[in-house]
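FYI, it's all coordinate maths here, none of it is from the lab. No experiment lies behind these values; they were computed from the predicted model shown. Because the Cβ atoms are built from the backbone with ideal geometry, glycine has one as well, and the counts that use them run over all protein chains shown.
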Amino acid sequence: MKLCIVTHNVIKGDGQGRVNYEVVTEAIRRGHHITLVATQVDPELQQSNYVNWVVIPVDGWPTELLRNLIFAWRSAHWLRQNYSGFDVVKVNGAITWGKSDVNAAHFVHGSWLKFSSQQVQPKSIWAVPNIHNILYNFYQWFYTALNARWEKVAFRQTQVVVAVSNKIAKDLLEIGVPPESIQVILNGVDLQEFSPGVANRQKWGLPEGVTLALFAGDIRIPRKNLDTVLHALVKVPDLHLAVAGITEGSPYPQLAASLGLNDRVHFLGLRRDLPEVMRAADFFVFPSRYEPFGLVVIEAMATGKPVITASSTGAADLVTKEAGIVLQDSDDAEALAVALLSLASNQQLRLEMGQAARTIAERHSWDKMAQTYADLLEELRKS
C-alpha cells in the first residue's frame, strides 16, 4: 500500500506526533510505503527505506496561525499534484486544505469555541487585564474561530473521521459530521516508559513522609483547571500537591500563596522526566474543564496511580470506579475535596486503585492503537 500522511510532526515527544509516529511504525512493519508531508520527522523514521519525507518548512513565521496557514497552503498544493498516486491519504483536522481519505480529529475547535464562550472565567486568578492580555485573548479566539471553520470543510472532504475519544465523537456529531463517518480509536500509552515503580522525591525537593498528589498540564491557561484543585486542597490540610507545568506567565503560584498553600504546593516547572515524577506521587488529579483525550490520564494509570478527573476529560471513559474517581462537574470544589480526602486518607485504596488502573492501561498500548489504525487504512484501500 502507498500511504500518505500529512501532519506537522511525526515525533515521539508530541501528542499528535506520537500517534502518527506509531501509525508509521506499524505501517512499515506491514511492508507499506509511506510518504510523510511534514515539518518534523523522527530521525529513526528518516532512515527507513519505506519512508519518503516531503519537507514543508514553516520556520521563521512569527505566529502559530501564520505557520499553520503556510503549512496548509503548501501541503494542499503538493496534494493536488500527487493525490492520485496514493492508496490512502491520512491528515489531522484542518491541517491542510487538500482532501483526504482519513482525518484524525484530536481536537474539535468548534466545540471548544462554543464551550469557552459559555464558560464563566474563574475569579481571583488572572491579574487586571492589560493590553497584552487583551490582544493575546483576541488572537486565541480568532485562531480558534478560523480553525472551527476550516475543520468543518476538512471533515466534509474525507471518508472517515477518527475520533481520539468518545467525547470527540460527540463533538463531531454536534458540528454536523455524519455518524456513519466517525470511528473512535483511543490514544495509547507507552507501557515501558510509564510503568509502576518508586522514585526519590528529594530529586525535585518534594517532601518525604507525606501523601502527595500530582497535577500536570499547561498552567498558563484556565482550561486545565488547577484553580479548582487549589481551592479543594484548602479543605484537605494534610495533602501535598506537586504541579508540573510552565510557571512563567501562570497566575497559579500567586493563587496558591493567597490561599495559604505555599508549604503544600510544589511547582516543578516543565518536566521532561514526567514518568519518574509520576512514580514519586501517590495519585494523580486532573479535572480539566475541556480535554479531548488527556494523555496524562492514561500515563498516570500506566504508572499504577489512581486518577481523579472529570467527565469533561475524554480519557475519563477509561477510569472505572475501581481505578479512580470521575467528577461530573469539573468546577465542583466540594466534590473534588471529598475525592482528594478519600484517596489521601486511605493507602490501601490507593494501592488497589493503582493496580486496577495499570491493568486498564495495559489494554491501550501504542502498539494496539497503531494496529487499529493500520487495519482501518488497509480496509479503505480494499474499498
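Things to note:
- For the range 201-361, the residue among ALA337, LEU206, ALA356 whose Cα projects farthest onto the positive side of the dipole built from Cβ charges is LEU206.
- Extreme residue, positive dipole direction of the chain, given options SER48, GLY197, ALA148 (C-beta unit charges): ALA148
- Between the range 248-315 and the range 18-68, the Cα center-to-center distance that results, in Å: 30
- Prolate/oblate/rounded call for the range 201-361, Cα gyration tensor, a/c under 1.5 rounded: rounded
- Loop sites in the range 304-383: GluC sites (Glu not before Pro), DSSP, at most 16 other Cβ within 10 Å: GLU322, GLU362
- Fewest-first sequence of LEU270, LEU241 by Cβ atoms within 10 Å of each Cβ: LEU270, LEU241
- Angle in degrees between helix 15-29 and the longest Cα principal axis of the chain, rounded to the nearest 10: 50
- From phi via Karplus (6.51, -1.76, 1.60), per-residue ³J(HN,Hα) for the range 367-380 in Hz, x at Gly/Pro: 4, 5, 4, 5, 5, 5, 4, 4, 4, 5, 4, 5, 5, 5
- Overall form of the range 1-85 per C-alpha gyration tensor (a/c, 1.5; a/b vs b/c): oblate
- By the rule of a C-alpha distance below 18 Å, with chain neighbours fewer than 8 residues away ignored, the aspartates and glutamates paired with LYS368 are GLU22, GLU26, ASP190, GLU193, GLU299, ASP317, GLU378, GLU379.
- Whether the range 136-269 is rounded, prolate or oblate, judged on the alpha carbon gyration tensor where a/c under 1.5 counts as rounded: prolate
- Reachable lysines from LYS203, criterion Cα separation under 29 angstrom, eight or more residues apart if same chain: LYS12, LYS224, LYS235, LYS305
- Degrees, to the nearest 10: 109-118 long Cα axis against longest axis of the chain: 30
- Model label zone, ASP87; criterion: amide N under 19 Å from point 7 Å along Cα-to-beta-carbon; scope the range 137-159: 159
- The angle between the Cα long axis of helix 131-156 and the longest principal axis of the Cα atoms of the chain comes to about 50 degrees, rounded to the nearest 10.
- Dipole magnitude for the chain: computed about the Cα centre from +1 point charges on Lys and Arg Cβ and -1 point charges on Asp and Glu Cβ, it is near 700 debye.
- Electrostatic dipole magnitude of the range 201-361 [Cβ: Lys, Arg +1; Asp, Glu -1; Cα centre; debye, to 20]: 320
- A dipole drawn for the chain from +1 and -1 charges on Cβ atoms has a positive end, and of PRO253, GLY324, ILE308 the residue lying farthest that way is PRO253.
- Cβ-defined net charge surrounding ASP59, 14 Å radius [Lys, Arg +1; Asp, Glu -1]: +1
- Spatially close Lys pairs in the range 13-172, defined by Cα atoms under 25 Å apart and a spacing of eight or more places or different chains, total 13.
- The ranking of ILE325, ILE221 from fewest to most other beta carbons within 10 Å of each one's beta carbon is ILE221, ILE325.
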